[in-house]
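Report on the following structure.
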Ligand code: HSE
């Protein structure tokens with residue numbers, strides 16, 4: 001029997017659509033795994049009533065199949081589904097790391113990323129490595145077709161989760177097919193600035209790079225109050241604000257002393273448009289941990 005804690009993640013960070021991701025110190029899923037002759041799944045915790053326990057329809061079932069590692073898997077959800085915080089990726093990451101160890105499969109953390117992404121595809125319809133990579137490896141990750149580059153970074157973050165549900169399928173449906181060359185140029189600048197900021201543990205540079213004129217504006221309409229929340233967070237000291245993953249969580253980078261004020265400003269701005277919200281005062285954290 002093994003227990004794995006796999007963290008929530010925030011993908012994209014504005015300029016790194018489908019590429020950048022960070023592991024968040026909290027919240028997290030906790031998954032217990034025990035060898036079995038066939039895979040069975042039990043789910044408790046936040047939003048568990050919306051997640052199928054049928055192994056053919058669940059992320060962790062697909063991971064168990066990919067690793068040829070049947071198990072009884074108990075998932076305690078700490079990461080709300082359809083939150084933009086990599087909920088399905090956290091469960092898939094925990095299953096990949098745990099089953100690899102339970103069955104002594106010998107894969108490296110980086111090799112487990114595409115295996116966990118296959119599981120994520122069961123629910124999101126597409127395999128994205130940008131959530132599973134940081135949930136497995138921790139830190140700030142750059143996931144491309146050539147593999148994953150990880151940077152250990154220390155940046156204070158505030159994640160504000162409104163009581164709104166946005167499905168990844170809907171959020172991908174509004175992504176434009178094309179972008180202008182000027183947008184490509186500015187995106188390269190922001191992505192490079194953000195990456196430098198991660199290397200230097202510099203919240204100002206990271207915040208400057210959390211910008212995007214292609215995908216985020218198209219998705220903002222799916223999140224009631226987004227523009228007001230963004231502007232309130234900036235007013236309270238946030239250095240950068242954007243949609244976390246496919247949304248509806250809004251993620252802000254800031255300096256440590258401003259965390260509380262940024263969180264309060266974001267909640268108040270959502271409340272002002274009649275939306276309940278909660279805040280995670282967090283930071284960039286470790287990848288999946290086996291107990
Ligand atoms: N990069 C993905 C998106 C993350 O924003 O659609 C969610 O799978």
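So, in segment 1-28, of the ones that are under 30 Å from residue 230 (Cα atoms) and more than 16 Å from the ligand (Cβ to nearest atom), which residue ends up surrounded by the most Cβ atoms within 10 Å (Cβ to Cβ)?
Only one residue fits best here, namely 28.
Taking segment 228-291 as the region of interest, none of the strands (runs of 3 or more DSSP E) fully inside it holds 1 or more residues being modelled with pLDDT under 95 and more than 28 Å from residue 112 (Cβ to Cβ).
From the list 153, 236, 232, which residue is under 25 Å from residue 88 (Cβ atoms) and in contact with a helix residue (DSSP H, G or I) (Cβ under 8 Å, 6 or more places away or on another chain)?
Working: 236 fails: under 25 Å from residue 88 (Cβ atoms); 232 fails: under 25 Å from residue 88 (Cβ atoms).
Sole residue among the options that is under 25 Å from residue 88 (Cβ atoms) and in contact with a helix residue (DSSP H, G or I) (Cβ under 8 Å, 6 or more places away or on another chain): 153.
The residues in segment 115-159 that are farther than 24 Å from residue 25 by Cβ, more than 15 Å from the chain's Cα centre (by Cα) and not in a loop (DSSP other than H, G, I, E, B) can be counted, and the count is 5.
When residue 64 is tested against (1) within 16 Å of the ligand (Cβ to nearest atom); (2) farther than 17 Å from residue 128 by Cβ; (3) buried (at least 24 other Cβ atoms within 10 Å of the Cβ), just one condition goes unmet, and that condition is (1). Scanning segment 165-208 for residues that are surrounded by fewer than 16 Cβ atoms within 10 Å (Cβ to Cβ), assigned to a helix (DSSP H, G or I) and within 16 Å of the ligand (Cβ to nearest atom) yields 169, 170, 173.
Selection within segment 84-114: residues that are assigned to a helix (DSSP H, G or I) and free of Cβ contacts under 8 Å to residues at least 24 places away in the same chain. The member of this set that is nearest to the ligand (Cβ to nearest atom) is 114.
For segment 29-53, the candidate set comprises residues that are in contact (Cβ under 8 Å) with a residue 40 or more places away in the chain and touching a helix residue (DSSP H, G or I) at 6+ places or on another chain (Cβ under 7 Å); within that set, the residue that is nearest to the ligand (Cβ to nearest atom) is 29. In the set (1) within 16 Å of the ligand (Cβ to nearest atom); (2) farther than 22 Å from residue 138 by Cβ; (3) at pLDDT 95 or above, the condition left unmet by residue 72 is number (1).
The values are calculated or read from the model by the stated rules, or taken from the named source; none is laboratory data. Keep in mind that what you see is a predicted model, and the values were worked out from it rather than measured. Reconstructed Cβ throughout: ideal geometry from the backbone, glycine too, with neighbour counts over all protein chains shown.
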